[in-house]
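Novice: Before we start, here is the structure in question, set down as structure tokens.
The values are calculated or read from the model by the stated rules, or taken from the named source; none is laboratory data. Quick caveat: nothing in here was measured; it's all calculated off a predicted structure. Every residue, glycine among them, receives a Cβ derived from its backbone with ideal geometry; neighbour counts consider all protein chains shown.
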Ligand SMILES: [Zn+2]
């Protein structure tokens, strides 16, 4: 896979991030029939390694002291709590009583294939306990206390640790990121962090360097999963870019460079997720349809008809219709002096009308070959004060820096990370240089 392709793929995945769950973020309602337990699990190392294969089984074994009377049941497609109860001759009344016991107990009836249920029945076929493992950090337990069913949520606390990685680009961010010990998701995160600074499809070079500090979550001393990137640096063609995670008043973390400028920008570089640049910005180009030399004041992205086109920045639609060689055309006016133009569309996104507001990344239309076009592609223009600029290289406007007061906090928080980043350079980066 080429650098370009893999990065486009990475960025696509990174745009759809998986929400990481943390034990501390669960919210729950306590009723008198519910209790919440947090406890540490004694999980053997091998079981942690097997998480991906068999999360539920292993956890279950380590989580609860089972005697010989426990039935371990692996949920299959089409199973319901009712059908499983029937299998073990547990009265339907019991199921009814469990469901009625609390609002949360409905969750235990929502079984998914490959989950594990543990059922404890006594000699008289009475259900004593029922456990459903939901994830390595959460399970539900129902206990029969004299005919009343009590629901417990069992949470596992994870311990956070700091880790680091560094590498030098030899073939691609993907390959060299893996060599540095990063997961695919972390490589995507890294590519997204610097997606505004570096065009990973065009600008990445052999010899470029990266280093980062990230969180890891552990259960009982063994690694469970990666946490967020806390600090990262990417040196591209000798130019240093950095990013620091900064938690402000908002709960969600965001990233800023060392000057306190947000890593998010007013524009994304490319309006199509999966596309090949088929014609670049140039002063003089042989026009394939008009058969004459003309400047090409935009970038062409070849993509199949119907591929969604995204607004590269938030703004207002100032043109929506047919215009000569452009065919079906949309023009977006952004804040300041910026306008972007999208041509040859097969159709417009139905909700995006003239004068309506669009958000960055919103689909405004679909690739086509209307107007003067030899094949399906998007012709994209980027204008500053009405002047055409090369969309692939134009300096995209930076975000405003953090306000002075908050910047002071930011500096306090990032100081130790900067020191740590420096240490990675000595220990890991240069050690890998010769490889
Ligand atoms: Zn064009």
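Novice: Before we move on, is residue 330 outside any strand (DSSP E or B) and modelled with pLDDT of 95 or more?
Specialist: Judged against the criteria, residue 330 is not a match.
Novice: Provide a single number: the residues in segment 356-366 that are surrounded by fewer than 16 Cβ atoms within 10 Å (Cβ to Cβ) and either touching a residue at least 60 places away in the same chain (Cβ under 8 Å) or within 16 Å of the ligand (Cβ to nearest atom) (or both).
Specialist: Final tally of qualifying residues: 1.
Novice: I'd like the full set of residues that are free of Cβ contacts under 8 Å to residues at least 60 places away in the same chain and closer than 17 Å to residue 332 by Cα, limited to segment 367-388.
Specialist: Our first condition is that a residue be free of Cβ contacts under 8 Å to residues at least 60 places away in the same chain; within segment 367-388, this holds for 370-371, 383-387.
Passing the criteria: 383, 384, 385, 386, 387.
Novice: Quick test for you: out of 89, 135, 102, 80, pick the one residue that is within 30 Å of residue 219 (Cα to Cα) and more than 30 Å from the chain's Cα centre (by Cα).
Specialist: Working: 89 fails: within 30 Å of residue 219 (Cα to Cα); 135 fails: more than 30 Å from the chain's Cα centre (by Cα); 80 fails: within 30 Å of residue 219 (Cα to Cα).
Every option except 102 fails the conditions.
Novice: For residues that are within 15 Å of residue 393 (Cα to Cα), surrounded by 14 or more Cβ atoms within 10 Å (Cβ to Cβ) and away from the ligand (no atom under 13 Å from the Cβ), tally how many sit in segment 267-296.
Specialist: The number of residues fulfilling the criteria is 4.
Novice: Within segment 297-311, take every residue that is within 14 Å of the ligand (Cβ to nearest atom) and under 15 Å from residue 367 (Cα atoms) and give me the one that is surrounded by the fewest Cβ atoms within 10 Å (Cβ to Cβ).
Specialist: Restricting attention to segment 297-311, the residues satisfying the condition of being within 14 Å of the ligand (Cβ to nearest atom) are 297-303, 309.
Checking the rest, the ones that are also under 15 Å from residue 367 (Cα atoms) come to 299-303, 309.
Working: 299: 24, 300: 22, 301: 23, 302: 16, 303: 23, 309: 28.
Here the residue is 302.
Novice: Here is a further query. Report yes if residue 353 is exposed (fewer than 14 other Cβ atoms within 10 Å of the Cβ), more than 14 Å from the ligand (Cβ to nearest atom) and touching a residue at least 12 places away in the same chain (Cβ under 8 Å), otherwise no.
Specialist: Numbers: exposed (fewer than 14 other Cβ atoms within 10 Å of the Cβ): yes; more than 14 Å from the ligand (Cβ to nearest atom): yes; touching a residue at least 12 places away in the same chain (Cβ under 8 Å): yes.
Criteria met by residue 353.
Novice: Let me ask something else about it. Could you please let me know if residue 413 is in a helix (DSSP H, G or I) and either touching a residue at least 60 places away in the same chain (Cβ under 8 Å) or not assigned by TED's automatic domain parsing to the domain that holds residue 212 (or both)? Write out each step before concluding.
Specialist: Details: in a helix (DSSP H, G or I): yes; either touching a residue at least 60 places away in the same chain (Cβ under 8 Å) or not assigned by TED's automatic domain parsing to the domain that holds residue 212 (or both): yes.
The answer is yes for residue 413.
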